[in-house]
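Undergrad: Here you go, one structure.
The values are calculated or read from the model by the stated rules, or taken from the named source; none is laboratory data. These numbers come from a predicted model, not from an experiment. Positions of Cβ are backbone-derived with ideal geometry, glycine not excepted, and every protein chain shown enters the neighbour counts.
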Amino acid sequence: MTSADLDSMSALLGDPTVMTYYPAPKSRDEAAQWIAWNEANYATHGYGLWIVETHDGEFLGDCGLTWQHVNGHCELEAGYHMRAEVQGRGYATEAAAACKDFARDVLHVQRLVAIIHPDNLASRRVAEKIGMRHIEDDHGGAITIRMVLGVQLGVR
């Protein structure tokens with residue numbers, strides 16, 4: 001993800017359907033800040049959220065790994081957003097599974113989480129398809145209550 005992706009990311013993060021479970025859709029400036037946050041994550045950690053696209057280069061969304069605060073401690077989260085018109089086709093599941101493999105095989109982390117609004121059943125299904133289960137609720141985010149799903153990875 002780079003500043004060259006601003007138009008695509010602004011459309012994605014500005015879509016009220018995609019952002020239903022966030023406090024509000026993001027403005028173009030907020031999408032630029034999202035990209036800058038990910039570029040900082042790449043510089044600091046070597047990873048962040050990445051652009052998801054088809055083999056033909058069609059922009060689908062973003063997915064990747066970011067460190068998040070959950071009930072006072074840091075957890076590595078697999079996060080994902082797909083364009084509304086491509087949701088339900090398995091892209092988020094495929095991308096999240098690749099992130100899970102990367103977290104286990106390359107980063108050697110013991111646990112991976114997904115932080116999901118309790119009403120976001122589609123996102124929860126994605127997390128469950130890659131082996132995550134509800135482990136706790138988080139009360140410290142911008143959303144009053146966030147479900148935390150997680151999976152123990154075990155290092156290969």
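Undergrad: Go through the stretch 6-19 and report how many residues are surrounded by fewer than 18 Cβ atoms within 10 Å (Cβ to Cβ) and in a helix (DSSP H, G or I).
TA: 3
Undergrad: Quick check on this structure: which one of Tyr22, Tyr47 is part of a loop (DSSP other than H, G, I, E, B), within 18 Å of Ala95 (Cα to Cα), within 13 Å of the chain's Cα centre (by Cα) and touching a residue at least 40 places away in the same chain (Cβ under 8 Å)?
TA: Result: Tyr47 is the single residue among Tyr22, Tyr47 that is part of a loop (DSSP other than H, G, I, E, B), within 18 Å of Ala95 (Cα to Cα), within 13 Å of the chain's Cα centre (by Cα) and touching a residue at least 40 places away in the same chain (Cβ under 8 Å).
Undergrad: What do you reckon, is Trp34 modelled with pLDDT of 95 or more, farther than 20 Å from Ala122 by Cα, not basic (Lys, Arg) and not in a helix (DSSP H, G or I)?
TA: no
Undergrad: Let me confirm something: among Asp119, Asp56, which residue is at pLDDT 95 or above and either touching a Phe, Trp or Tyr at 6+ places or on another chain (Cβ under 9 Å) or surrounded by fewer than 21 Cβ atoms within 10 Å (Cβ to Cβ) (or both)?
TA: It is Asp56.
Undergrad: Can you tell me which residue in the stretch 59-88 is surrounded by the fewest Cβ atoms within 10 Å (Cβ to Cβ), limited to those that are over 12 Å from the mean Cα position of the chain (by Cα) and hydrophobic (A, V, I, L, M, F, W, C)?
TA: Cys74
Undergrad: Next question, about the same structure. Yes or no: Glu85 out of contact with any Ser or Thr (no Cβ under 7 Å at 6 or more places or on another chain), over 18 Å from Ser3 (Cβ atoms), part of a strand (DSSP E or B) and among the acidic types (Asp, Glu)?
TA: Criteria not met by Glu85.
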